[in-house]
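What follows is a single structure, written as structure tokens, with notes after it.
The values are calculated or read from the model by the stated rules, or taken from the named source; none is laboratory data. Just so you know, these numbers come straight off a predicted model, no measurement behind them. With ideal geometry, Cβ positions are generated from the backbone for all residues, glycine too; neighbour counts draw on all protein chains shown.
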Amino acid sequence: MLVRGIGIRDSSEIQEVSVRKVLSVLVNSHYLLTPRKSYYPCPEVDEFWTYVGNKGKKYWLIYAYEPQSGEVVAYVGGKRDLKTAKRLKEKLLKLGISFGCVCRDDWQSFITAFKEDNHVIGKSHTVGIEGNNSRLRHRIGRAFRKTCRFSKKLFNHLKAFRLAFFYINLWICIKSILSASPSNIGRCCRKYAF
């Protein structure tokens, strides 16, 4: 429910359990975002503004997105600065992900962090990830721009987004299973432990 715009309190009312139970399930979830491929031809990279506690405490999610499949490849959180952009690049390398080029906007931190890579710069090349940002704002209550739903703790905030990204990628995998390719079925079943 948290990935469908429903908050903690509403989830507890619908499920007829305590708020503490819903938070416990969120905090104790251990979903990992694992990329489906090791090579992506041209992932899009962008930053996504959220906040923790109040709107004065901005927290940025910077992530890589595969527009053809809709997969969230990797993400990091922090300030909107070069250090966080470099952490995304390091995470992509740590996950063993290679790519042909990077589609991004003209933000200086992306220019510096991905300077060794081929670039495609411009808003016309980041349409997929900008659309995904809209989807996230629509689906995740904590990401609404004008909302009373927000995280009081950074840990819960990160868990909620990890769950949302896992859900997005799981749905992509389920759609590939429904396309009935035997190789897709085996790959998704192993990755998500069905």
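Side notes on the structure shown:
- Residue count for region 58-98, restricted to those that are of a type in the set (Asp, Glu) and more than 15 Å from the chain's Cα centre (by Cα): 2
- Residues in region 20-50 that are hydroxyl-bearing (Ser, Thr, Tyr) and either buried (at least 19 other Cβ atoms within 10 Å of the Cβ) or modelled with pLDDT of 80 or more (or both): 34, 38, 39, 40, 50.
- Among residues of region 119-134, those that are surrounded by fewer than 19 Cβ atoms within 10 Å (Cβ to Cβ) and among the β-branched types (Val, Ile, Thr), counted: 3
- Number of residues in region 31-47 that are touching a strand residue (DSSP E or B) at 6+ places or on another chain (Cβ under 6 Å) and under 16 Å from residue 163 (Cα atoms) equals 1.
- Subset of region 92-118 [buried (at least 17 other Cβ atoms within 10 Å of the Cβ) and not in a helix (DSSP H, G or I)]: 97, 99, 102, 103, 104, 105, 107, 114
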